[in-house]
Number of protein chains: 2
Amino acid sequence: MLDYASLAALAAVVREGSFDRAARALSVTPSAISQRIRLLEERVGGALVVRGQPCLATEMGRRLCQHVDRVRLLEQELHEALPSLAPEGGVRVALPIAVNADSLATWFAPALAAFATEAPVLMEVAVDDQEHTSEWLRSGKVLAAVTASARPAFGCNSRPLGAMRYLAAASPDFMKRHFGDGVGAGSLARAPSLVFNSKDELQARWAHRLCHRHVELPRHILPSPQAFVTATVAGMGWGLHPQALIAAHLENGSLIELVPDTPLDVPLHWQYGRSASSLIDGLTRQILAAAHSALMQS
Amino acid sequence: MLDYASLAALAAVVREGSFDRAARALSVTPSAISQRIRLLEERVGGALVVRGQPCLATEMGRRLCQHVDRVRLLEQELHEALPSLAPEGGVRVALPIAVNADSLATWFAPALAAFATEAPVLMEVAVDDQEHTSEWLRSGKVLAAVTASARPAFGCNSRPLGAMRYLAAASPDFMKRHFGDGVGAGSLARAPSLVFNSKDELQARWAHRLCHRHVELPRHILPSPQAFVTATVAGMGWGLHPQALIAAHLENGSLIELVPDTPLDVPLHWQYGRSASSLIDGLTRQILAAAHSALMQS
């Protein structure tokens, strides 16, 4: 079998970002860490870690870390069946997942917390656009993800979650200044929009559907769901917001829809490794239940 | 002088992430874009763009994009003095800045919106840890940043903003389960903490100050200020929160301080390029005013 002391050293270096911190986390000396990683690299025949600030895994290193994560999940199940095997103090395993920012800011966090409060895990949540979280799964960086893609990644199951409903909204003052003559290709090409990051295509999709052609939108980039709402209320731009995040603002009139009854629904899916453990099954149950009450079900 | 049509093509490819989208943004054909970039690469004698999904700038490409940003800012000032020079419809310049997530989620967004609503700019906000935003400045990826570092980056001015006050807090139920026998090195080594990302050292610093030694904290990674609060209230872990974000929760008892009167103050600074334009000066005025009323002044 593989040398798991060396693999644990590798995983610690990648997680902690430095040899010193990895040594502290494993209660060994930094030279023990670097010796173990050197041995592993000799065996594999290539570099596993790019030494730097922080230390990063190479492609091969990442594959090995992913293997360590999976073995740990299996060990965790074993500990539940044979508690005497479990280490003193009950070590928690890391469970890496990826989720889109708007889900994390709304329905996902309570479900995640409910699961993590009871399960012997440490969640490692990565945030990316719903169009890109499936790449995290494919590359093996995470074991489960909320994604826009229904097609299961290799070795994964895919379950529909329902759709996140987005509304195009702006402040009343912004509407008066930029859309006084109506919302169309002309005014959209001049009024500043807000996008979450350069991958965010929601505003462009909404405008395309409205105008039946591509409109080049001027855009501010603002990667924070909270700041996104604050900045829209303050009149910095228009943007697509999860309905749940702006319901109160629409109610009290601090935001209004650009064009009434033009929601954009983004179907989301939960994908998770098929070979994964009963821990993933428990998380899946929480996620599905929360999604079914928070998202639009068709 | 340099060929600015080619430089604009390069900046568009890097901003949009693909040759097709850059072509659309500049209303030219994709082959015109790739020809301009090839010419530029021949002149520079090296690659400027790594072709991929998305296309990324090389080190040299990034330096050129930074130059384009600065020239555009100078042009913008010229347009204010000589409006006839300004293009039809008043093209807005992009102003890239970096800010820490907690500032963006609290005091920063309203100030930014107030500035952007009036100024002819499109803000491009990048989010990183306050210990790392100064690297964005140094590498020239942004023209201004909120940072923990007081020492000006090369070519920058640095102004103190005051300190962001953090409080270590958890839910009453979590306190009972994990800190029933008090908060110390032993209980902190077992109770799950929340960290924003793997660079987030606030929890470790707070624990070190309390226990007078390093404590290895088990940690969930949760990169969203909103989810961070939600998950803490739901009992997933303890963590350091900006006082402003949890004041209501402390008031109504859904969160309590781990140890009363142990705030952690993180001094923040505003750094901005010295050669930059009057636009940056306007932003600086807004940022300083907002910080002086929202942050702890010593």
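For a test of the definition: using alpha carbon positions, the gyration tensor, and the 1.5 limit on a/c, classify the stretch B:164-265 as rounded, prolate or oblate. Since a/c stays below 1.5, the shape of the stretch B:164-265 is classed as rounded. Length available on full extension from B:Ser187 to B:Leu78: 0.36 nm per residue minus the Cα-Cα distance, which gives 33.1 nm. Indicate the helices, whole DSSP H runs only, in chain B that combine a mean Kyte-Doolittle hydropathy of -1.0 or more with a Cα extent along their long axis of 30 angstrom or more. Going by DSSP H runs, the hits are B:59-81. Using the Cα gyration tensor of the stretch B:1-66, with a ≥ b ≥ c the square roots of its eigenvalues, what is the shape: rounded (a/c below 1.5), prolate (a/b larger than b/c) or oblate (neither)? Because a/c hits 1.5 or more and a/b fails to exceed b/c, the stretch B:1-66 counts as oblate. For A:Ala244 and B:Glu59, what does the FRET efficiency come to when R0 = 60 Å and r is the distance between their Cβ atoms, rounded to the nearest 0.05? It comes out at approximately 0.90. When only alpha carbons are used to place a centre, the stretch B:275-298 and the stretch A:230-298 end up 34 Å from one another.
Measuring r between the beta carbons of B:Gln297 and B:Arg177 and using R0 = 25 Å, the FRET efficiency lands at 0.10. Of the beta bridges in the protein assembly as shown, as assigned by DSSP with both residues counted there, near 60 percent are antiparallel.
Among rounded, prolate and oblate, which fits chain B when a ≥ b ≥ c are the square roots of the eigenvalues of its C-alpha gyration tensor, a/c under 1.5 means rounded, and a/b larger than b/c means prolate?
Working: a/c = 2.66, a/b = 2.02, b/c = 1.31.
Judged from the Cα gyration tensor, chain B comes out prolate (a/c at least 1.5, a/b above b/c).
The sum of -39500 (n - 2.57) across all DSSP H runs of n ≥ 4, divided by the residue count of chain B, sets its helix-only mean residue ellipticity at 222 nm to -13500 deg cm²/dmol. Along the axis of the charge dipole computed for the protein assembly as shown (Cβ charges of +1 for Lys and Arg, -1 for Asp and Glu, origin at the Cα centre), the listed residues A:Val93, B:Ser134, A:Ala22 are led at the positive end by A:Ala22.
Comparing mean-square fluctuations of A:Asp200, A:Asp102, A:Asp261 from a GNM of chain A with C-alpha springs under 10 Å, the top value falls on A:Asp261. Neighbouring Cβ atoms from other chains, within 10 Å of the Cβ of residues in B:225-236, number 6 on average.
Quick one: order B:Ile256, A:Ile287 by neighbouring beta-carbon count within 10 Å, fewest to most. Can you show the working numbers first?
Details: B:Ile256 15, A:Ile287 25.
Exposure proxy ranking, most exposed first: B:Ile256, A:Ile287.
Say R0 is 22 Å: what FRET efficiency, to the nearest 0.05, do A:Ala5 and A:Ala47 get from their beta-carbon distance?
Details: r = 20 Å, r/R0 = 0.89.
It comes out at approximately 0.65.
Look at where the Cα atoms of the stretch A:1-75 and of the stretch A:207-229 average out, and the two centres are 42 Å apart. Please list, by residue number, everything in the stretch B:106-134 whose backbone N is under 19 Å from a paramagnetic label point 7 Å out along Cα→Cβ of A:Glu216. The answer is B:120-124.
Every number in this text was worked out from the coordinates using simple rules, so none of it is lab data. Just so it is clear, the structure is predicted and the values come from calculations on it, not from any experiment. We place every Cβ from the backbone using ideal geometry, glycine too, and count neighbours over all the protein chains shown.
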